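Input: a single structure, listed below in structure tokens.
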Amino acid sequence: MQRVRVRFAPSPTGYLHVGGARTALFNWLFARHYGGDFILRIEDTDLVRSTEESVQAIFDGLTWLGLDWDEGPGKDGDHGPYYQTERLEIYRRYAQELIDKGRAYYCYCSPEELDQRRKELLAAGQAPRYDRKCLGLSAAEVERYKAEGRVPVIRFKAAEVGRTIVDDLVRGKVVFENEVVDDFVIVKSDGMPTYNFAVVVDDHLMEISHVIRGEDHLSNTPKQIQLYEALGWEVPQFAHISMILGPDKTKLSKRHGATSVIQYKDDGYLPEALLNYLALLGWSYNATDNLFTKEQLIEYFTLDGVSKNPAVFDYAKLQWMNGVYIRQTSVERLTDLCRPFLEQAGLITRDLSPAELARLTKIVAEMQTRLKTLNEIADLTSYFFTDVEYDEQALKNLRSELAPQVLERLAADLEGMPEFTQAALEAEFAKLMEEFDVKLGKLIHPVRAAVTGRAVSPGIYETLLLIGRDEVLKRLRAGAAKAKELLAE
């Protein structure tokens, strides 16, 4: 096999979306599996919509996912520049070569004229296509058009007969009748190359061996193959991967939820979870477990495992997978990942003392098995950092004859306790169970309600220790007062 060189070539007109990230991942895995090169190219010839912010969003998304590139912006190689707007002279040179070969020509037709002809063809029941009016213009006609101030485009002279065959590595042999490919524009009137032209020039000069991209580009492929052949270049191998659909089987879009890669970061997903999940959208490996490390994905990934069928994005499965990765990560790393969400909620400050960080790490450890996404951490732990707000179930647990007595007695005992430890707490609860003649749950429910405002928390002893004796005493007494108030209603 020739050296594998693949590329991800996004247009910086918005965020890096899930579909683009999946395409980048498949290319990256293919390159890493075969020891090849992964190139990042920015296709920024849409001057109106391309922005620096979008370019940075692409960099940020790829970097967060851990998809490093071997050549591209910031990693110049022998095949740059890697921004299309810096390659305009290259495109002009090859456009002129096509003109010299008789495979391209200047077209002076106005948009209004083209639209009129299109309507006429449709009215006649024919497929719209350019009628080659400007092919073979006389010098006098050219001068007349120039005098009118018309600025031409450059059209490729497409093959009129025969077939163009795409030997697709995912879809097999796909045949296009050449009669459906009309003379398409390769250079616009502003001098900018069109997508189909620029991508062929770039892929050839960057020595791309395999073009792995979405199936929406399959219809462009016969045009591109004809350009390769007209320029006398070797055609790369193509692999068109399936679309990603939402749960309702329509094309994935914002209405289904987050589609931006960075939005998943902001929503509390781990990069390795999203990476693993994206790999399974349209690719499979014969394994009983679908949880793969990045190293395993590199080892297992081939195009043989890529499906022709559309992939359905299952948010519940991604969330489940994220929870698994959260449970598998170290508590130290998990604490670091959770800190921004707690800071944003105003529960902690950016600069924590060693003691505060140690306490936070213990709190996160208690919540590790409960988290499905990192952004749940603020709601699950708010009572450790702020005053208690009783939820409906907590109020129900306080509204009992036993609650005021238990809370007041426990507060009194804890205040005089020589050591505030788990062993001492366990002994205290055992004593109260005997004195009040109740099971442990009857004690825990009002205590948890008083100190957390919730009906659910980590183990009661761990919770009390993490809140701290002084704050526990304050909350137990406030809870007792609240319980009496509720009973008096």
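Nothing in this text is a laboratory measurement; each read-out follows from the coordinates by a stated rule. The model shown is predicted, which means the values in this text are computed figures rather than measured ones. Cβ coordinates were reconstructed from backbone atoms using ideal geometry, including for glycine residues, and neighbour counts include every protein chain displayed.
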Enumerate the aspartates and glutamates that residue 396 could reach by cross-link, defined here as Cα to Cα under 15 Å, with residues fewer than 8 away along the same chain left out.
485, 489
Apply the Karplus parameterisation 6.51 cos²θ - 1.76 cosθ + 1.60, with θ equal to phi minus 60°, to every residue of region 31-47 and state each ³J(HN,Hα) to the nearest whole Hz, in sequence, with x for glycine and proline.
5, 5, 4, 9, x, x, 10, 10, 10, 9, 10, 9, 8, 10, 7, 7, 5
Given H placed on each backbone N at 1.01 Å, which residues far from residue 170 in sequence or on other chains put an amide H within less than 5 Å of it?
240
Before anything else, pin down the relative contact order of region 137-218: Cα pairs under 8 Å, at least 6 apart, normalised by residue count, whole percent.
24 percent
With a sphere of radius 10 Å drawn around the Cβ of residue 105, what net charge do the other residues whose Cβ falls strictly inside it have (Lys, Arg +1; Asp, Glu -1)?
+3
For residue 37, other-chain or 5+-apart residues with amide H closer than 5 Å (H placed, Pro excluded) are 4, 5, 6
What shape does region 342-382 take by its C-alpha gyration tensor, where a ≥ b ≥ c are the square roots of the eigenvalues and a/c under 1.5 counts as rounded, a/b above b/c as prolate, and the rest as oblate?
oblate
Is the C-alpha gyration tensor of region 146-217 telling us rounded, prolate or oblate? Criteria: a/c under 1.5 is rounded; beyond that, a/b larger than b/c is prolate, otherwise oblate.
oblate
Region 72-77 - phi-based ³J(HN,Hα) in whole Hz, Karplus 6.51/-1.76/1.60, Gly and Pro as x:
x, x, x, 9, 4, x
At 0.36 nm per residue, minus the direct Cα-Cα distance, what do residue 484 and residue 308 gain on full extension? Give it in nm, one decimal, please.
56.7 nm
Mind checking the full-extension length gain between residue 85 and residue 135? Use 0.36 nm per residue of separation minus the Cα-Cα distance, one decimal, nm.
15.1 nm
If one compares the long axis through the Cα atoms of helix 422-436 with the longest principal axis of the Cα atoms of the chain, the angle in degrees, nearest 10, works out at 60 degrees
What's the magnitude of the charge dipole for the chain around its Cα centre, counting Lys and Arg as +1 and Asp and Glu as -1 at the beta-carbon? Answer in Debye, nearest 20.
1020 debye
Between 444, 154, 18, whose Cα lies farthest towards the positive end of the dipole of the chain when Lys and Arg beta carbons carry +1 and Asp and Glu beta carbons carry -1, centred on the Cα centre?
154
Checking the table 119/146; 317/372; 265/317; 431/482 against a 19 Å threshold on Cα-Cα, which pairs fail?
119/146; 431/482
When you count, for each residue, the other Cβ atoms within 10 Å and take the mean per peptide, how do 222-234, 296-308 rank with the highest first?
222-234, 296-308
List the cysteines of the chain that have no other Cys Cβ closer than 4.7 Å: which are they?
109, 338
For region 375-489: rounded, prolate or oblate by the Cα gyration tensor [a/c cutoff 1.5]:
oblate
When the dipole is taken about the Cα centre of region 180-339, and only Lys, Arg (+1) and Asp, Glu (-1) are charged at their Cβ, what size is it in debye, to the nearest 20?
700 debye
How far, in degrees from 0 to 90, does helix 111-123 lean away from the longest principal axis of the Cα atoms of the chain, to the nearest 10?
90 degrees
Round to a whole angstrom and tell me the spacing of the C-alpha centers of region 1-64 and region 267-322.
18 Å
Starting from the Cα of residue 113, step 7 Å along the direction of its Cβ; do the same at residue 369; then give the gap between the two resulting points in nm.
7.7 nm
Considering only DSSP beta bridges whose two residues both sit in the chain, what percent are antiparallel, to the nearest 5?
55 percent
Given the options 186, 169, 204, identify the residue whose Cα lies farthest towards the positive end of the charge dipole of region 163-205 (+1 on Cβ of Lys, Arg; -1 on Cβ of Asp, Glu).
169
Mind jotting down the distance between the C-alpha centroids of region 403-425 and region 81-130, whole Å?
83 Å
From the phi angles alone, apply the Karplus equation (6.51, -1.76, 1.60; θ = phi - 60°) to region 351-361 and give each ³J(HN,Hα) in whole Hz, x where the residue is Gly or Pro.
9, 9, 6, x, 5, 5, 5, 4, 5, 4, 4
